[in-house]
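Read the structure below first, then the notes.
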């Protein structure tokens, strides 16, 4: 194959620029800033391509040149006004990365590309054909029809509602109750009949940075995986691996951690990509397979190791999501060929859905159970709202007035009135409120209520003795009150123990 185009009649020069970064291909490793491409005859039938500019070194000012022969340029691609090619020379050649430069406009880029060698190696042709097949696959008609974009939008909306309307916190968590009440994953809460938390936790995030990192990772891998699997199988892999990640978190952490975030499902997407690559390895060109494999393994390895070093990160969910995503990716991978994809789509979907259903059922059956109900615990805490603030002041006032009564009985009428209108009603209302709670029988909160109600009964009986003692200046009733207070202290010690 001839790689040297016809030599131009005379030297041609173009003003070009070397990019710092191009979205899909990177940056020029040899030059920076503005420069020149000169195409000139080099003998009777050869062409020299002379690139000039400032080298990619710190504080470099002087212009240097890189002269390439036609057989040192291959795999030319053009995108807009960006041209890239492979070469064996320069720093780009040493690192086996493309040499990239920018023309002034698209028309000039087309003109320059027509003067460059047309040689393409087998790997490049295979990569080009694969990308064309990938591009030809059915995809979303608009950006908002993309499942990945819909997932990102849903996560952002939930975060705004949590932080803006429910007061969970924007930068960091300032209030855990919205997470606890509305969907974070926790062994005690989820296994107590609130299995929907396996899914809702995937849309909650602990602060803006948690959300941003997860959505960035989803955006990076999601669109490619969605294209490879199709929207249906991609959605199955996302939610299936997210559910398995939540179950893994419960199995490992029990009720010791409140877990939230899309990272388990996102790890599942990277795992699905790895499963796809290993099953359909023959369909992926080496130039596609190797970089994807490296980046996927690096993402998984780095984040799992990082999570193990930082105990606040739910590594169990990450590992569970990645492993289950790998399994789902292996089971549901579809070939690139359109006819075979259409033929296998339905059986692969049912195979994946069956795996998700069986795995979820087994996870729900074998995850640990706990002896308390979160709903009961929240209702219990709500019943005591305000008690911690009011009770210490009430008890202090009682101690002071009781001391005054013992020193002089002149205040006993006022003290008796205070006992009747303040002290006894406070504990009576608390007793009625706790008695009215609908708690799950046999759970720890219901047992605790029984103990607390018994203690309150003892306390109220003691205050009745106190009232009679104060009203009648009866030492025996006062003694009974003092004994009741000692009994309350013993009962309280038993409850707190």
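The values are calculated or read from the model by the stated rules, or taken from the named source; none is laboratory data. The structure presented is a predicted model; accordingly, all values stated were derived computationally and were not measured. Because the Cβ atoms are built from the backbone with ideal geometry, glycine has one as well, and the counts that use them run over all protein chains shown.
Against the definition (more than 30 Å from residue 191 (Cα to Cα), in contact (Cβ under 8 Å) with a residue 24 or more places away in the chain and assigned by TED's automatic domain parsing to the domain that holds residue 421), how does residue 459 come out, yes or no?
Values: more than 30 Å from residue 191 (Cα to Cα): yes; in contact (Cβ under 8 Å) with a residue 24 or more places away in the chain: yes; assigned by TED's automatic domain parsing to the domain that holds residue 421: yes.
In short, yes.
Scan segment 324-372 for residues that are closer than 19 Å to residue 267 by Cα and either in contact with a strand residue (DSSP E or B) (Cβ under 7 Å, 6 or more places away or on another chain) or free of Cβ contacts under 8 Å to residues at least 60 places away in the same chain (or both) and jot them down.
We begin by selecting, within segment 324-372, every residue closer than 19 Å to residue 267 by Cα; these are 324-333, 352-353, 355-356, 359-360, 363.
326, 327, 330, 331, listed by residue number.
Pick out the one residue from 48, 9, 17, 70 that is at pLDDT 90 or above and over 25 Å from residue 121 (Cα atoms). Steps first, please.
Details: 48 fails: over 25 Å from residue 121 (Cα atoms); 9 fails: at pLDDT 90 or above; 70 fails: over 25 Å from residue 121 (Cα atoms).
Unique residue meeting the criteria: 17.
When you scan segment 415-437, do you find a residue that is at pLDDT below 90, in the same structural domain as residue 459 (by TED's automatic domain parsing), surrounded by fewer than 16 Cβ atoms within 10 Å (Cβ to Cβ) and over 15 Å from residue 390 (Cβ atoms), even just one?
No; the residues of segment 415-437 include none that is at pLDDT below 90, in the same structural domain as residue 459 (by TED's automatic domain parsing), surrounded by fewer than 16 Cβ atoms within 10 Å (Cβ to Cβ) and over 15 Å from residue 390 (Cβ atoms).
Can we say residue 466 is surrounded by 15 or more Cβ atoms within 10 Å (Cβ to Cβ), outside the structural domain of residue 251 (by TED's automatic domain parsing), more than 21 Å from residue 486 (Cβ to Cβ) and at pLDDT 90 or above? Spell out how you get there, then give the answer.
Values: surrounded by 15 or more Cβ atoms within 10 Å (Cβ to Cβ): yes; outside the structural domain of residue 251 (by TED's automatic domain parsing): yes; more than 21 Å from residue 486 (Cβ to Cβ): no; at pLDDT 90 or above: yes.
Spelling it out, it is not the case that residue 466 is surrounded by 15 or more Cβ atoms within 10 Å (Cβ to Cβ), outside the structural domain of residue 251 (by TED's automatic domain parsing), more than 21 Å from residue 486 (Cβ to Cβ) and at pLDDT 90 or above.
Out of the residues in segment 119-138 that are part of a loop (DSSP other than H, G, I, E, B) and surrounded by fewer than 16 Cβ atoms within 10 Å (Cβ to Cβ), state the one that is farthest from the chain's Cα centre (by Cα). If you could, list the steps in order and put the result at the bottom.
Residues of segment 119-138 that are part of a loop (DSSP other than H, G, I, E, B), as a first pass: 119-121, 137-138.
The next check asks that each one be surrounded by fewer than 16 Cβ atoms within 10 Å (Cβ to Cβ); those that pass are 121, 137-138.
Working: 121: 40, 137: 29, 138: 28 Å.
Filtering first and then ranking leaves 121.
Looking only at segment 139-151, which residues are modelled with pLDDT of 80 or more and surrounded by fewer than 16 Cβ atoms within 10 Å (Cβ to Cβ)?
Passing the criteria: 142, 143, 144, 145, 150.
Which one is farthest from the chain's Cα centre (by Cα) among residues in segment 259-289 that are surrounded by 21 or more Cβ atoms within 10 Å (Cβ to Cβ) and over 17 Å from residue 223 (Cα atoms)?
Selected residue: 259.
Is it true that residue 378 is assigned to a helix (DSSP H, G or I) and crowded, with 18+ Cβ neighbours inside 10 Å? Lay out the reasoning, then the answer.
Working: assigned to a helix (DSSP H, G or I): yes; crowded, with 18+ Cβ neighbours inside 10 Å: no.
No.
Would you mind telling me which numbered condition in (1) surrounded by 14 or more Cβ atoms within 10 Å (Cβ to Cβ); (2) at pLDDT 90 or above; (3) over 13 Å from residue 117 (Cβ atoms) residue 56 fails?
Only one criterion is unmet by residue 56, namely (2).
Checking residue 50 against (1) surrounded by fewer than 18 Cβ atoms within 10 Å (Cβ to Cβ); (2) out of contact with any strand residue (DSSP E or B) (no Cβ under 7 Å at 6 or more places or on another chain), which test does it fail?
Of the numbered conditions (1) surrounded by fewer than 18 Cβ atoms within 10 Å (Cβ to Cβ); (2) out of contact with any strand residue (DSSP E or B) (no Cβ under 7 Å at 6 or more places or on another chain), the odd one out for residue 50 is (2).
Only residues in segment 74-98 that are at positive phi and in the same structural domain as residue 114 (by TED's automatic domain parsing) count as the first member; pair them with residues that are in a strand (DSSP E or B) and modelled with pLDDT of 90 or more, Cβ under 7 angstrom, at least 6 apart or cross-chain, and list the lot.
Between residues of segment 74-98 that are at positive phi and in the same structural domain as residue 114 (by TED's automatic domain parsing) and residues that are in a strand (DSSP E or B) and modelled with pLDDT of 90 or more, the close pairs are 75/85; 75/86; 90/66; 90/99.
Take residue 254 and decide whether it is more than 27 Å from residue 354 (Cβ to Cβ), in contact with a helix residue (DSSP H, G or I) (Cβ under 8 Å, 6 or more places away or on another chain), surrounded by fewer than 23 Cβ atoms within 10 Å (Cβ to Cβ) and in contact (Cβ under 8 Å) with a residue 60 or more places away in the chain. Quick ask: steps written out before the conclusion?
Values: more than 27 Å from residue 354 (Cβ to Cβ): yes; in contact with a helix residue (DSSP H, G or I) (Cβ under 8 Å, 6 or more places away or on another chain): yes; surrounded by fewer than 23 Cβ atoms within 10 Å (Cβ to Cβ): yes; in contact (Cβ under 8 Å) with a residue 60 or more places away in the chain: yes.
Criteria met by residue 254.
What number of residues within segment 297-340 are over 19 Å from residue 213 (Cα atoms), surrounded by fewer than 12 Cβ atoms within 10 Å (Cβ to Cβ) and under 20 Å from the mean Cα position of the chain (by Cα)?
So the answer is 0.
Just the residues that are touching a strand residue (DSSP E or B) at 6+ places or on another chain (Cβ under 6 Å), more than 21 Å from residue 120 (Cβ to Cβ) and part of a strand (DSSP E or B), please, taken from segment 29-45.
31, 32, 33, 34, 35, 36, 38, 40
Just one of the numbered conditions (1) under 30 Å from residue 442 (Cα atoms); (2) in contact with a helix residue (DSSP H, G or I) (Cβ under 6 Å, 6 or more places away or on another chain); (3) part of a helix (DSSP H, G or I) is not true of residue 365; which one?
Single failed check for residue 365: (2).
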